[in-house]
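Below is one structure, written out as structure tokens; comments come after it.
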Amino acid sequence: MPVQLSIPREELSDIALQALAMATQLGASAAACEASESSGLSVTTRKTVVETIENTRDKGVAITVYVGRRRGHSSTSDFAPAALREAVQAAYDIARFTAEDEAAGLPDEDALERSPVNLDLFHPWPIDTDEAIGIAQRAEQAAFDVSSHVENSEGANVYASGGHFVLANTLGFVSGYPYSRHSISVAPIARDRSGMQRDDWYTSSRVPGELGEPEAIGQYAAHRALARLGARKLRTRQCPVLFEAPVACGLLGNFIQAASGGALYRNASFLVDALGKPLFADHVAIREDPFLARALGSSPFDEEGVRGLKRDVVRRGVLNGYFLSSYSARKLGMKTTGNAGGAHNLELLSSRTDPGDDFIQMLRKLDRGLLITELIGQGVNLVSGDYSRGACGFWVEGGRIRYPVEEITVASNLRDMFGGIVAVGTDQVVRGGRISGSVLIERMTVGGS
């Protein structure tokens with residue numbers, strides 16, 4: 001089995017509490033410690049031949065020490081008392097010589113989640129290496145079987161992992177939980193007279209039984225690659241743009257970055273002082289729910305032990321909340337939102353969405369414009385909101401895909417894009433902690449020849 005957790009939770013708790021006691025004895029005014037263990041298996045095949053096999057076994061202790069408003073951090077993978085004492089001493093020494101920071105410190109005591117709910121996040125995948133190889137080969141072979149034009153591959157991967165941890169601090173918080181994460185992916189390459197095209201698809205879940213079938217993943221990835229053959233360039237124009245659901249999850253990622261405390265207190269975001277103001281189209285909502293059972297973005301508390309919030313970050317287009325840790329909240333004169341470590345199960349919704357608004361219906365709503373299936377590069381300026389990315393996809397006429405396109409750019413400003421959302425589809429996908437259907441934006445500049 002790839003997931004082999006050999007350290008009892010009680011032992012992790014003892015180690016974390018020992019570290020806190022050592023820090024207090026040295027003179028620390030406060031401290032936090034996380035003790036963890038994880039293991040996993042990753043198998044990659046290429047053209048159905050085994051390329052890599054990785055077995056991982058990790059354990060570690062991370063200690064944060066405060067001396068007043070000075071902070072020091074250290075870590076070790078050695079659980080022996082002498083190594084633990086050395087790591088605590090290192091964190092304490094760093095804290096003693098670090099400049100004071102008024103925002104530094106443990107979370108407010110009343111923000112800690114002392115009665116965490118069980119979100120059912122741990123489901124080990126009982127496969128051995130040979131079984132994982134077989135699954136990867138099935139996914140990749142299914143892609144090759146679709147067409148003789150699928151003649152190469154960047155590989156198929158099967159990944160199974162799990163772990164557990166205990167987080168403790170000197171405010172008396174001690175808690176943790178086990179977790180798992182698994183995936184199957186494949187990236188075929190198709191070729192014809194026009195050249196080569198690649199695409200990929202994957203499935204991921206905490207629960208092995210909820211993963212897609214390897215053959216279905218391989219076949220779908222192959223059809224995606226084949227559909228891109230014969231791609232053309234476009235002339236520069238302005239037109240509506242439909243972001244395929246996985247790409248739309250990336251738009252949610254841009255929003256999270258801009259609305260995160262680290263960017264805000266550095267004045268490195270176009271969303272500074274944007275709370276309570278319209279940002280998205282008035283039919284759009286963005287919901288966060290850390291407490292969805294088994295979900296990839298779920299957690300009973302954040303990386304500081306702070307309870308999360310089930311909330312509408314955006315309601316009727318208005319920005320109602322940021323993503324704040326205790327530190328960034330103090331820098332902004334606000335309260336933590338339980339987002340140390342990121343957002344949790346962020347879902348993009350629209351009050352205009354009908355049950356029948358699947359991908360085919362979203363193409364009809366696009367009517368004439370660009371469908372984006374892949375974005376290239378990192379051309380997003382969070383300070384100004386300016387957005388410019390390389391893109392691939394398909395040109396759509398009369399609500400139907402006409403031909404693939406490549407070597408284009410799409411450009412706008414995130415404010416205009418968010419405010420210009422016309423529709424959100426029911427064709428939802430989950431990408432990590434982000435959930436979205438396809439998203440239709442009223443107008444963007446498409447750069448081509």
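The values are calculated or read from the model by the stated rules, or taken from the named source; none is laboratory data. On a predicted model such as this, the values are computed, not experimentally measured, just so you know. All Cβ positions, glycine included, derive from the backbone under ideal geometry; neighbour counts span all protein chains shown. For accessibility, only protein heavy atoms count, side chains too; no ligands or nucleic acids. Shrake-Rupley method; radii C 1.70, N 1.55, O 1.52, S 1.80 Å.
Of note:
- Residues (within 25 Å of HIS283 (Cβ to Cβ) and crowded, with 17+ Cβ neighbours inside 10 Å) located in segment 395-410: VAL396, VAL410
- Of all residue pairs spaced 6 or more apart or on separate chains, those with beta-carbon atoms under 7 Å, a first member in segment 177-190 that is touching a residue at least 12 places away in the same chain (Cβ under 8 Å) and more than 17 Å from TYR159 (Cα to Cα) and a second member that is β-branched (Val, Ile, Thr) and in a strand (DSSP E or B) are PRO188/VAL150; ALA190/VAL150.
- Some residue of segment 309-319 being within 20 Å of the chain's Cα centre (by Cα), in contact (Cβ under 8 Å) with a residue 12 or more places away in the chain and buried (at least 21 other Cβ atoms within 10 Å of the Cβ): yes
- Residue match in segment 212-224 (condition: within 19 Å of SER438 (Cβ to Cβ), among the charged types (D, E, K, R) and within 22 Å of the chain's Cα centre (by Cα)): no
- Within segment 15-32, residues that are in contact (Cβ under 8 Å) with a residue 12 or more places away in the chain reach partners that are outside any loop (DSSP other than H, G, I, E, B) and surrounded by fewer than 20 Cβ atoms within 10 Å (Cβ to Cβ) with beta carbons closer than 6 Å, at six or more positions or on different chains, in the pairs MET22/ARG85.
- All positions within segment 345-365 that are open to solvent by less than 20 Å² (accessible area, probe 1.4 Å) and part of a loop (DSSP other than H, G, I, E, B): ASN345, ASP357
Condition check ((1) β-branched (Val, Ile, Thr); (2) open to solvent by less than 20 Å² (accessible area, probe 1.4 Å); (3) within 23 Å of the chain's Cα centre (by Cα)) across all residues:
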position	(1), (2), (3)
ARG237	no, no, no
LEU252	no, yes, yes
ILE256	yes, no, yes
ASN267	no, no, no
ASP273	no, no, no
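- Listed by first and then second residue, the pairs with beta-carbon distance under 7 Å, at least 6 apart or on different chains, first residue in segment 212-226 and of a type in the set (Gly, Ala, Ser), second part of a loop (DSSP other than H, G, I, E, B), are ALA221/ASP199; ALA221/ASP200; ALA222/SER147; ALA225/ASP199.
- Subset of segment 402-431 (residues that are out of contact with any helix residue (DSSP H, G or I) (no Cβ under 8 Å at 6 or more places or on another chain) and not aliphatic (A, V, I, L, M)): ARG402, TYR403, GLU406, GLU407, THR409, SER412, ASN413, ARG415, ASP416, GLY419, GLY420, THR426
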